[in-house]
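Here, each number is a calculation from the coordinates, and none is a lab measurement. Because the structure is a prediction, the values reported are computed rather than measured. Here the Cβ positions follow ideal geometry from the backbone for every residue, glycine too, while neighbour counts run over all protein chains shown.
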Amino acid sequence: MLKNSHSVIESIARKPLLKVIETIDKVEREHYYYANQIGFEKRPLEFRFSTSDIIDAWDLLGNDTAELNDWLVNRLEQVTDLLQDESGNLIADQTVEKSLLNEMARHFYGLVKLEQFLFNDEVLKKANYLKIAHFKNFKYYLVYDNIDTLFSYYKEIHKLKSDGKILSVYYWLLLNILSNNFYGNSKNKKFLKQINVEGIEKDSDILKSLDEVKIEIDNELEKLDKILDVDKKKLKWALTMLNAEHELH
């Protein structure tokens, strides 16, 4: 336990750059470090994008990074007045959701776009600095709970199902895509090994995080399998067709 730990935490919160002075043979050397908060990527979000907004963001993947960043900033600015009161307090915790029934085709398209972006084999032929950038994207979209990530998308469709705003059969299809094509993708281990060229983070740690999400999703699927009053063979056929459509793209 650090002495005066509360004061230290407050100080780091105000200025995250840490200065450490090392004295060797009466010679002082200054070292600077940034604090690394363990589990930061899994912190609870105060505000979320709707699934519609997340898909709109994914539609820009592969474009210039500045274009996506500008869209995110502009979208956040657009909704600020609508979701905050005069004191700046949130009066809603997410942007407006469009009708999911009309949006289902876009959901599948958005997931295809994200999968193609994350598992793009062309990245493997590029320079190491680009592989490093892609590794960060890979981890960000699959593990981090941020406004435009797949993990956030999963949380949002789960909330839609809990609120009765999405049919169980659609929820089942979407969860299967998340489990099979992302968190349980057979490429994960090999692909990570090829893009994690820095090796600062262990592949096993990333894979463990992916497995934890997959287990959570598969538990949801197990519950759905018990309550869905439809022909399971037809559902699996629909899923096979969706996966075949992915491969065609």
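Counting other beta carbons within 10 Å of each residue's own, what order do T65, T149, T23 fall into, fewest first?
With the fewest neighbours first, T65, T149, T23 line up as T23, T65, T149.
Could you tell me which of N185, M104, Y170 has its Cα farthest along the dipole of the range 100-248 towards the positive end, charges placed at Cβ (Lys, Arg +1; Asp, Glu -1), taken about the Cα centre?
Most positive-ward Cα: N185.
By count of other Cβ within 10 Å, fewest leading, how are Y153, Y141, Y170 ordered?
Ordered by Cβ neighbours within 10 Å, fewest first: Y170, Y141, Y153.
How large are Rg and Dmax for the range 100-248 when only the alpha carbon atoms are used, in Å?
Here Rg and the maximum Cα pair distance are 16.0, 51 Å.
Towards the positive end of the charge dipole of the range 100-248, with charges on Cβ (+1 Lys, Arg; -1 Asp, Glu), say which of N128, L210, W237 has the farthest Cα.
N128
Determine the alpha carbon to alpha carbon distance for each of K139/K214; K136/K223; K155/K208; K189/K214 and list only those over 24 Å.
Going by Cα-Cα distance, K136/K223 fall outside the 24 Å limit.
Exposure proxy check: S186, S50, S168 ranked by fewest other beta carbons within 10 Å?
Sorted ascending by nearby Cβ count, the order is S186, S168, S50.
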